[in-house]
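Right, one structure below, let's go through it.
The values are calculated or read from the model by the stated rules, or taken from the named source; none is laboratory data. Model, not experiment: these values are computed from the prediction. Here the Cβ is made from the backbone with ideal geometry for all residues, glycine too, and neighbour counts use every protein chain on show. Ligands, DNA and RNA are stripped out before the accessible areas are found, and what is left, the full protein with its side chains, is counted by its heavy atoms. Shrake-Rupley method; radii C 1.70, N 1.55, O 1.52, S 1.80 Å.
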Amino acid sequence: MDTKTTFDCATFGFDNARIQEALSVLGLHAEHAKLAERIRSEAAEGEAEALVHSCCVALARERSFALIERSMGIECFTQTWTRHLRDYGQDFDTPKYFGERLAIAAAFVRAKIPLGILQLQHSLTQQALINNLSVKFADDTATLRPLIDCILKLNSLDVYLSAEGYRLPQIDELRKALTRLRKETSHWHQEASTDQLTGLMRYNTLMETLDHHINMAHRGHDGRSGSPLCVAMIDLDFFKKINDTHGHVVGDFVLKHVAGRIQAAVRDFDMVGRFGGEEFVIIMTSTHLELAKVIAERIRKGVMETPLHLKELSIPVTISVGVAMLRPGERKETLIERADKAMYKAKEAGRNRVMLAKDTGDTSDLETLPEL
């Protein structure tokens, strides 16, 4: 077990603000750095190994001590303890100090060593230092009192960090579990909202998206005036004939092919979904009818000019497109109906063309874009 590992303690909530907060609660201030330095020189330097040895003898009586022997070995344990005793209280107000103590506690809990062992270690260190100083300054109470007070405060800090460090592996595991859950949720959301054949939005997601953007369009960008929105309804021409002639497997390839051509022709922010069967819908936000007409014609030409090549087959495909622009106060059902009617008018007019539903007047008021 590596007890020298440090980490960015800010990741686990111990940023500079929290470090200062903990020091303030425990009453540790800048003057304690000088006291800690004197504790090291008077009670630890030159005597650290002997102090650790005597403490280890006492700690070995704890039944859980055998876990330390198995997980990290006594030599490694005592060396780490000795090093910390020689550096006792040094830089106690820095992220490095906090990080080292938190890392040691986290290493102990991963090795399934009880928190009590680590807290006993701190208590034995405190007791050994106080006993040592009490002998040296038996007749100098004025010097001894602030040194003991500093030891008590530093020990309280180490005990606090031990307890916090024991929570870190649990926090880490929870974060990993949360990350996994988010990825799984995102995956299943993607699965639920995506048409598996074409990779486009499913019908339900498409309708929810359209409803959302219609509400936004009615409110407008500034919350007062409306924002233009257009919908294009697309239907493959003679798709039943393709299925009857080549089979449904080839028909599926045709649907995927057309979906790809549509996506290649629309803008990055346009939304494309499979309405059902061989019908597709495009949602074009912040788009007036004239621009929607240009985009729809680009899609129509892209499909017409790119037949599907499948082994020895070359299957020409065309589409009929109906485009409608959102009217003030209009809901998605009426908007879709007007685009759908325009699309059927395109079929009646000879297919492979774009038909526009005018944004004013009766729903049957249509405008034809001639086939090119």
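Projecting the Cα atoms of Pro316, Val294, Ala138 onto the charge dipole of the chain, computed from C-beta unit charges around the Cα centre, puts Pro316 farthest toward the positive end. Using Cα pairs closer than 8 Å and at least 6 residues apart in sequence, work out the relative contact order for segment 69-152, in percent. Relative contact order, segment 69-152: 17 percent.
Stretching the chain fully between Ala66 and Leu152 yields a gain of 28.2 nm (0.36 nm per residue, less the alpha carbon separation). The magnitude of the dipole of segment 218-317, with charges of +1 and -1 set on the Cβ of Lys/Arg and Asp/Glu and taken from the Cα centre, is near 160 debye. Between Ala10 and Lys136, the modelled labels are 3.7 nm apart [label points 7 Å from Cα along Cα→Cβ]. Taking every C-alpha pair closer than 8 Å and separated by at least 6 residues, the mean separation divided by the residue count of segment 1-117 gives a relative contact order of 49 percent. Here the Karplus curve 6.51 cos²θ - 1.76 cosθ + 1.60, taken at θ = phi - 60°, turns the phi angles of segment 119-131 into couplings of 5, 4, 4, 5, 5, 5, 4, 4, 4, 5, 5, 5, 4 Hz, with x standing for Gly and Pro. Overall, the accessible surface of the chain at a probe of 1.4 angstrom is composed of carbon and sulfur to the extent of 52 percent. Could you tell me which label, among [x] 5, 22, 26, 19, 14, 9, 4, 1, 0; [y] 5, 24, 31, 24, 12, 3, 0; [z] 5, 18, 18, 9, 6, 8, 12, 13, 9, 3, 1, 0, carries the value of P(r) over Cα pairs in 10 Å bins from 0, in percent calculated for this structure? The value matching this structure is [z].
Here the simple spin-label model places points 7 Å from the Cα toward Cβ, and for Met216 and Lys241 these points are separated by 4.0 nm.
Using only side-chain charges placed at the Cβ, +1 for Lys and Arg and -1 for Asp and Glu, the dipole size of the chain relative to its Cα centre rounds to 620 debye. Taking 7 Å steps out from each Cα toward its Cβ at Glu75 and Val25 produces label points 4.0 nm apart. Angle of helix 74-86 to the longest C-alpha principal axis of the chain, folded into 0 to 90 degrees and rounded to 10: 80°.
Is segment 19-166 rounded, prolate or oblate when judged by the Cα gyration tensor, a ≥ b ≥ c being the square roots of its eigenvalues, rounded requiring a/c under 1.5 and prolate requiring a/b larger than b/c? Note, shape of segment 19-166 comes out oblate. When only the Cβ of Lys, Arg, Asp and Glu is charged (+1, +1, -1, -1), the dipole of segment 75-209 relative to its Cα centre reaches about 220 debye.
Of the whole protein surface, Cys76 contributes about 50 Å² of accessible area at a 1.4 Å probe radius.
Averaging the sequence gap over all C-alpha pairs within less than 8 Å and six or more residues apart, then dividing by the number of residues, gives the chain a relative contact order of 13 percent. Under a 5 Å amide H to amide H cut-off, with H placed in plane at 1.01 Å, what residues pair with Leu229 once short-range neighbours are removed? Amide H neighbours of Leu229, under 5 Å, 5+ apart: Thr287, Leu326.
Here is the size of segment 99-220 from its Cα atoms: Rg then Dmax, 29.1, 89 Å. In the chain, with Lys and Arg counted as +1 and Asp and Glu as -1 at Cβ, which of these residues, Ala44, Ala128, Ile242, has the Cα nearest the positive end of the dipole, that is, farthest along it? Value computed over the given set: Ile242.
Peptide packing: for 27-37, 331-341, 150-160, the average count of neighbouring Cβ atoms within 10 Å per residue gives the ranking 150-160, 331-341, 27-37, highest mean first. Our note on the geometry: Cα centres of segment 303-332 and segment 209-270, 8 Å apart. For the chain, the solvent-accessible area with a 1.4 angstrom probe is 52 square angstrom per residue.
Annotation: Cα Rg of segment 68-134 relative to the compact-globule expectation 2.2 N^0.38 Å equals 1.16.
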